[in-house]
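Notes follow once the structure below has been shown.
Bear in mind these aren't lab numbers, they're just calculated from the coordinates by the rules spelled out. Predicted model, so just to flag it, every value in this text is computed and none were measured. Here the Cβ positions follow ideal geometry from the backbone for every residue, glycine too, while neighbour counts run over all protein chains shown.
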Amino acid sequence: MELPPAMTSRWDVERFGVGPMATPRQADVLLVTGYVSLKTLKRIIRTYEQMPEPKWVLAFGSCTVNGGIYWDSYNTITNLAEYIPVDITVSGCMPRPEAVIDALQTLMKMIQSGEAGAYKKYKENYEYYKANQDRVLKKTVPVLGQTPKNDLEGKDEDAKE
Amino acid sequence: MIELLLVPLITTLVLAFFIRYKRITWTLFLAANGFVLYKLYSIYGIWNLSYKVDTAYKILGAELTLGVSNNPIGWYFAFFSALITLLISLFSIGFNKNSRSNVSVIWMLIIFSNLGIFFAQDWVTFFMMWELMGWTSFFAITNGKDKALDGAKYYLALSLFGAALMLIAISVLAQYTGTFQIFASAYGLLQIINSSTKLGIGILLLFLTTFLIKSAIFPFYMWPQKVYSEGPEDYITFMSSVMIKYGIYPMAIFIVPVVGSADLPMILNTGNVLQYTIGYLGAISAILGTILAIFQTDMKKLFAYSSVANMGYILLGFSSMTIVGFEGSLFHVVNHMILKAAIFLTLAAVVFRTGESEMHKLGGLVYRMPLTFMTFLLGIIAAAGIPPLNGFGSKWMIIQALMSKRMVVFAIAMIFASTGAFMYLFRALASIFLGQLPDRYKDVKEVPPTMAIPMFIMMVIMLLTGVVPGVVMKPLTSALKAVGYNVEVASWTTLEGSLKNSVIDLKIVFYMFVAGVIISALMYFFGNKSEKVPQNDNYTAGEYPEEWGVDADRFNYSYAFYQPFKEMFEPLLESVSIDGFFASIGRNFEFLSSTIQGLFKRGEGAVLLFSIGVLLLILGGLII
Amino acid sequence: MMAVLRVFLFGIFAIFIGLLFMGIGRKVIARIQLRYGPPFYQAFLDVGKLFARKSITHNFVMDLGMVMALGGLLATMLFVPIAGHVAVKTSTNLIVIMYLMAIGYLGMAMAVAASGNPNATIGVSRALTMMLGYEVPFFTVILGLIIVNGTSSLELISQSQAGSILNWNMIKFPLAFIAAEIALQAMMGEKPFDAMIAPAEIASGPMVELSGKYLGLAFLTHAVSIFVETAIIVNLFMGGASNIFTFVLKQFEIYLITIFIEAVFPRFKIEQAVKFLWTVPIGIAVLQLLLILL
Amino acid sequence: MNSIVFLVVIPLIAAFLSLFLEKLNKLAMYIVTLFNLIFSITVLMSGNIPFNVAIGGWRAPFGINFVVTDITIYFLLLVNIAALISITVVNNIKEYQFYSFYFVLLAATNGMVLTGDMFNFYLFTELSTFAIAGLVAYKRDRLSTGAALKFLILSSTASLFSLASIGLIYKTLGTLNFADIALKLSKLNQASYNLILILFLSSMLVELKIFPFNLWVVKSYEGSITSVNMFTHGMLGTAGIYGAIRILLIVFPNMYSTNISKVLIILSVFTVLIGEVGALKEKNLVKILAFSSMAQMGVFMFGIALGSFESIKGALYIVVSNYLAKLVMFLVTKQYSNAVESKNYIDMKGLGRKYPILAISFTIAALSLMGMPFFAGFWGKFSIVVSALALGKLSTIGIAILLIASVVEGVYYLRISHTFFAEKDVNSVNISRVYSLIPFVLAAIILAIGIYPNFIEQILWNVIDEIKNAPDKYINIILSLK
């Protein structure tokens, strides 16, 4: 909801050289916007793992930090950072485009100063993340052993510096 | 001279004797081909060689003499076809290890007829060899397999039909000129055209139709796809690279000189009527072949249509009737021989290892057969006519010739076809070798060395003729000079066009290409290192394909590759289908056959028919 | 040695100009869309970053193909006369240039198809269909010019337009120029003819699996192709130029036209695009050809 | 050389004796046939040719006489060789009737070739017809009885015409001797000449299997055993061809100035077309051969009807090629159909892989019939095509149709050959390899003629020479006896 205005004429994130990319292969930054259901998490992990290094994650909105209004949902994770390493979070429900731009700017500074390197952590502590992922993803295995057939909305947006 | 023909013939008999021992037959086959090549090499330049047989058989009041002679253009065709044949026969040793039938005997007979066609001195010898090639091909195509019968029957019918036309043409021509000699009768035909145009053109068209049939030019473009898809792959390689040129050779030595110097009505001051007829046939073949090739799902059919398109180019070159176009066409003959052989060898290798020729059931073979892939890649680059490989030079010359004669329609057809070639060639590359490797081909291995070596040599030859076209152009121009054309002997690397300032040096093109690749490679090495991931690690919008039951086959995009394009052209093609016409001829004959059988089965009317016959005789004898 | 250096310089020059054009092009589009837009050197930054990143490959064909793509286009570029200069002495034959360009496209197509992603293959299939669409009108235009000049050498064609602006083929054969412009639009893959990359539909098509330096090479390929294509048009229709600066300026004018069209148009479906290319530009080009021939 | 009558007499005696010989019949068959063959060879070698034998001392125009010229002796050889080859496939036949009919046939066909007399020719033709009808009916089932009956009906209708024509000749010319007729016919008025010719042709064409007269062919081939097929083809057919050459070309040479030759061209083209197209969808190998032999006779008739010496030479080549090829084909068919107990060629799939010589012989024969170069048939086809194209519109159209028909022929024959060579397991089948010998030799002869035509060319020119110079070489010999 916040990204289209950020990309188009009003705020024009492209002036900082940031633009949307269609595939994880070309992306540097993974923006996780909004709450993460278990189904979504699975896709996020695959997408994240497909991105070439160096890569960063920008968690977006309160839901990715503590679940937000879905904090007690049976089907939603509360803290994204437990499953994939998050470099920077933007709080708010929902955050303004300015906040997004600001976060991107901060991320750039962090990259320049060498602070942002969470993807290294993911490699180092892979078992930890994997265990966390497996723990919740177990629930998505269907009861009758059938593979899920319904489609889902893509909730990930990728950005490129 | 005669040993050149005798050796294949004797080898045929020996092979027939040893037919059950594959190792012996194919080695012998290779040796015989080696001998033929060596012999051809040794008779280069000795153009007065000939061998004659006088028979007591009287025809047209004179005793018939059959003869072969070392004709320069024939030598050019024969030598390069022998070279290709040698490579294919090397490939065949490995390829036929597991096959149940042995095609080598009949193939050797075809090689005999091959040499006979290219060296024939008179039409009767030519016709005899031509017919020999027709029926032997039938057996070679079927090779004991029932499913190949339909295609082979189609080929045989067309082939016999063509031969019948040629027999008529030869006889009429001999009656008017009094000779069966090919070159002498060409002059005779020219005089006939100048004195009674209708008759002359009629004879010419009869010849032309025969040659068009053999070279799969529109409207006879259907047989390659029927035949190539079913025949034994190594033989099909020979067929698609060498045998399809049998129609081109007599065109080059007979039709082109006659049409070029005939005094016929001109069109737009650019060419005469026949020239345009040939050109339009070529253009239609080129375009139709291309479009149909784009739609095929079977790789062998795809390249069958590609051959049709390439034959179209050659005809276009002939239709310009300039020396550049003529040289270009003959150059393209050899180029096409080489690149088609290379491509079909790789297809044979693929079929050998996977047993599959439907492209959408293949994929990702580059992981398992890298050498085959490289050969195929170079082959399709050559086929698309991209420098620095060999298809380019000849296509370039043909286009130059067409442009200098202001034949714009043909030039545009040529460009359309070669751009379209890109489409189908890439489609084959992507569907067979690139993409995902299905699980059932996980254990596929690269082909054994006996098959890999010829493919490797093919690559070298393609690059060599692409960069140093002189290896083909020098013999060609010398041959043309020996026949009496006013040409300079070509240099090693440059090609001459017919427009102003149009000399290209293919060596420079190659250097430039290398330079470009070096700069590009520098860039590549300048970049950060890359990491190899397995084939199923692919962008799928975050989905896991295996969860959706999507295996490698379904993940490949290769079935309806050019669907939008196909939808555009399908209505058009349906309305011009020639196949339906030929099929209906076949159906009508079968219907007639049933009727006649019924007549003979019942037979109550025997006496009635008898009386009808008598009445007919009375009618003829007493009344008329 | 000098020749090697010269070749190298020409290559670098083309890459540089191409990237510059791309950067400026992005800026121009942004201004048309009432945005501020990235800095004009953004393209250089992007490429630099891409080369610095780690990248992912599926097999050696991907590496080979990308190198072949850029190499092929650079080789093409070396045949195009730039303000009368050519990298090496050759006859700058138009047909050679057109065919050489194809090897770059083939390399690219091969590389992306090797990744095994269906989106990429769909993109390539569209790109090749499009190629058939634009090559035919473009060649028809070229054919007219070749017949008029009696030569297929790009250099001679551009020399024949020397003198006043009225000698330019653009003025003499306006219809041909229009047809060539439309074909050029498709050749560059700009809107409305960008069905092959369509990011929202097939995830940027051919580029879907390219990462890091592969994407960087693709960028460079695109840059060189911009350079080559505009240079051909300048030579064909605008009489070349006496010095390199004017030449690049003329190239930029051509590129600007493309950018303007790109900025305001939506996208054709692939069959619509081919149908359009085979009716309007071909019609115009054939008309021009008839005017030339008769 | 009065002993030449033994060629007819001895088989006739054998026919009577066969009633009593019982088990020795087979031996007698071989002895008599061999005698005939050796005798003909001796005649050929004797160097006395041509000569004339007046039976009972009555001189030529008045009495019965046997004539031996070049044409005669070659056809005599062909008939007797065919007889010898055909009887090799006769086995397990105990009924004396079969042998009696065979002896009669042998006598009749030898007589047909030897006789120099119109009425005798008629008699021998009738005799051979009855013999063949009896042989066809030998199988005694519904099909063969019907076939024999049909053949009988047609040939007796034909014989009516024949008799009428002979009557007319005798009425108008007062003679029945070929030579005498030939001399006197030219003095006859055109209408009578035509009438005689038409009546005679009508009967002749039945034997020659030309379309609307040939409805007996397919059924009688289908209904009879292989040896009888070979008799029909090799003995009766060859003798019929001899009759056509002798009577049409030597006795009625003025035919070419009438329109009848044009009608003959049309009929023969139709015959070829019907023969070739009819075989296209057929599965029964014997019926295919029947259709094909019809078509080949059409080609022969076409060559004869054209009337130029080159086309006649071509027709003779066709005769040789067809004679050899059909013998090969019947022999191969016999072996293969016995092995798989079916005459459907699809059932014979794969036999060529186990018994290649038979299949290769068959293929060579087929290729020769198609007129492929390097096989005997080609020279015939070539000659006919060349001369047809020189002889006006009708023959040009005719030859075009003929060539198209030969395309159809090629398709169905090579399809059969392919089936022989197709991949199939045929281990259970057993054929003695001895049977491969004769087909192989015959096929080799076809090939030899195709590659080296000089020898046969010489013989054919002798034949043509006799036709060309009929007055010197035939008529005068007979009439200027003693």
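Give me the distance between the Cα centres of the range B:4-74 and the range B:242-309, rounded to whole Å.
Between the Cα centre of the range B:4-74 and that of the range B:242-309, the gap is 29 Å.
Averaged across the residues of A:3-12, what count of C-beta atoms belonging to other chains lies within 10 Å of each residue's C-beta?
Across the residues of A:3-12, the mean count of other-chain Cβ atoms within 10 Å is 2.
Give me the lysines in straight-line cross-link reach of residue C:269: C-alpha distance below 19 Å, same-chain residues under 8 apart excluded.
Partners found: B:566, C:191.
In Å and from the alpha-carbon atoms only, list the Rg and Dmax of the range D:259-451.
Spelled out, the Cα radius of gyration and Dmax of the range D:259-451 are 16.9, 58 Å.
Determine the shielding of peptide D:450-463 by partner chains: average, over its residues, the number of Cβ atoms on other chains within 10 angstrom of each Cβ.
Counting Cβ atoms of other protein chains within 10 Å of each residue's Cβ and averaging gives 2.
Packing-wise, with mean Cβ within 10 Å as the measure, how do B:14-20, D:99-105 rank, highest first?
Averaged packing, sorted descending, gives the order D:99-105, B:14-20.
Are any of the pairs B:39/B:245; B:153/D:354; B:153/B:301 more than 19 Å apart by Cα-Cα distance, and if so, which?
Where the Cα-Cα span goes over 19 Å, the pairs concerned are B:39/B:245; B:153/D:354.
Write down the percent of antiparallel bridges among all DSSP beta bridges whose residues are both part of the protein assembly as shown, to the nearest 5.
If we restrict to bridges inside the protein assembly as shown, about 75 percent are antiparallel.
Explain nothing, just the number: relative contact order of the range D:259-451, from Cα pairs under 8 Å at least 6 residues apart, as a whole percent.
30 percent
Calculate, axis by axis, the spread of Cα positions in the protein assembly as shown along the three principal axes, and write the results as whole Å, longest axis first.
Over the protein assembly as shown, Cα extents along the principal axes are 137, 82, 56 Å.
Of the listed pairs C:172/C:250; A:120/B:532; B:214/D:209, which have alpha-carbon separations greater than 28 Å here?
Among C:172/C:250; A:120/B:532; B:214/D:209, the Cα-Cα distance tops 28 Å for B:214/D:209.
Once amide H atoms are built 1.01 Å from N in the peptide plane, which residues 5 or more positions from residue A:90, or in another chain, come under 5 Å H to H?
A:59, A:60, A:61
Across chain B, how large is the tail of the calculated P(r) beyond 36 Å, expressed as a percent of all Cα pairs?
Everything past 36 Å amounts to 40 percent.
Determine by what factor the alpha-carbon radius of gyration of chain D differs from 2.2 N^0.38 Å, reporting the quotient.
0.93
What's the center-to-center distance, using Cα atoms, between the range D:374-424 and the range B:355-412 in Å?
So the separation of the two Cα centres works out to 40 Å.
Could you give me the ³J(HN,Hα) list for the range D:330-338, computed from phi with Karplus coefficients 6.51, -1.76, 1.60 and θ = phi - 60°, whole Hz, x at Gly and Pro?
With the stated coefficients, the range D:330-338 comes to 5, 4, 5, 4, 4, 5, 5, 6, 4 Hz.
Can you give the net charge of the other residues whose Cβ lies under 15 Å from the Cβ of residue B:512, counting K and R as +1 and D and E as -1?
Value of the local net charge: +2.
Spelling out what I want: for every residue of the range B:47-61, take phi, set θ = phi - 60°, compute 6.51 cos²θ - 1.76 cosθ + 1.60 (Karplus), and round to whole Hz; glycine and proline get x.
7, 9, 5, 7, 9, 10, 10, 8, 9, 8, 5, 9, 9, 6, x
Kindly provide the helix-only [θ] at 222 nm of chain A, computed as the sum of -39,500 (n - 2.57) over DSSP H runs of four or more divided by all residues, to the nearest 500 deg cm²/dmol?
After summing the helix terms and dividing by the residues of chain A, the value is -10500 deg cm²/dmol.
Which one, B:520, D:186, B:502, is farthest towards the positive end of the dipole of the protein assembly as shown when Lys and Arg carry +1 and Asp and Glu -1 on their Cβ?
D:186
On average, how many beta carbons from a partner chain sit within 10 Å of the beta carbon of a residue in C:44-51?
Across the residues of C:44-51, the mean count of other-chain Cβ atoms within 10 Å is 3.
Cut-off 18 Å, label point 7 angstrom out along Cα-to-Cβ of residue B:49: give me the residues of the range B:1-31 whose amide nitrogen falls inside.
B:1-11
For the range B:535-577 and the range C:76-114, write down the distance between their C-alpha centroids in whole Å.
31 Å
Around residue D:194, with a cut-off of 15 angstrom between Cβ atoms, what is the net charge of the other residues, counting Lys and Arg +1 and Asp and Glu -1?
Overall, the nearby charge balance is +2.
Less than 12 Å apart at the alpha-carbon level, and either on another chain or at least 8 residues along: which aspartates and glutamates does that give for residue D:349?
Straight-line reach from residue D:349, under 12 Å: B:146, D:423, D:425.
Can you run phi through the Karplus equation (6.51, -1.76, 1.60; θ = phi - 60°) for the range D:456-466 and list ³J(HN,Hα) in whole Hz, with x for Gly and Pro?
5, 4, 4, 4, 5, 5, 4, 4, 4, 4, 5
If amide hydrogens are placed 1.01 Å from N in the peptide plane, which non-local residues have theirs closer than 5 Å to the one on residue D:344?
D:285
Given the rule -39500 (n - 2.57) for each run of at least 4 DSSP H residues, summed and divided by the residues of chain D, what is its mean residue ellipticity at 222 nm, to the nearest 500 deg cm²/dmol?
That calculation yields -23500 deg cm²/dmol at 222 nm.
Suppose a student asked you for the relative contact order of the range D:1-256, using Cα pairs under 8 Å spaced at least 6 residues apart; what percent would you report?
Once divided by the residue count of the range D:1-256, the mean separation gives 22 percent.
Quick one: grab Rg to one decimal and Dmax as a whole number for the range B:1-160, Cα atoms only, in Å.
Expressed in Å, the Cα Rg and Dmax of the range B:1-160 come to 16.6, 54.
With each label point set 7 Å from Cα along the Cα-Cβ vector, what nm distance links residue B:358 and residue C:1?
Distance between the two pseudo-spin positions: 6.3 nm.
Could you sort the peptides D:41-51, B:215-225 by per-residue average Cβ neighbour count (10 Å cutoff), highest mean leading?
B:215-225, D:41-51
Would you please report the Å³ per residue occupied by the convex hull of the alpha carbon atoms in the range D:1-119?
96 Å³
Quick one: plug the Kirkwood hydrodynamic radius of the range B:271-415 (C-alpha pairs) into Stokes-Einstein at 37 °C, 0.692 mPa s, and report D in µm²/s.
It diffuses with D of about 209 µm²/s by this estimate.
Tell me the mean residue ellipticity at 222 nm calculated for chain C from its helices only (DSSP H runs of n ≥ 4, each -39500 (n - 2.57), averaged over every residue, nearest 500).
Result for chain C, helices only: -24500 deg cm²/dmol.
Check which residues have an amide H placed less than 5 Å from residue C:91's amide H, if you skip close sequence neighbours.
B:505
Residue B:305: net charge of surrounding residues, Cβ under 13 Å, Lys/Arg +1, Asp/Glu -1, itself excluded?
That sum, taken over residues with Cβ under 13 Å, equals +3.
When only Cα pairs under 8 Å and 6 or more residues apart are kept, what is the percent relative contact order across the range C:81-176?
33 percent
To the nearest 0.05, how large is the calculated FRET efficiency for residue C:275 and residue B:486 if R₀ is 51 Å and r is the Cβ-Cβ distance?
About 0.60, to the nearest 0.05.
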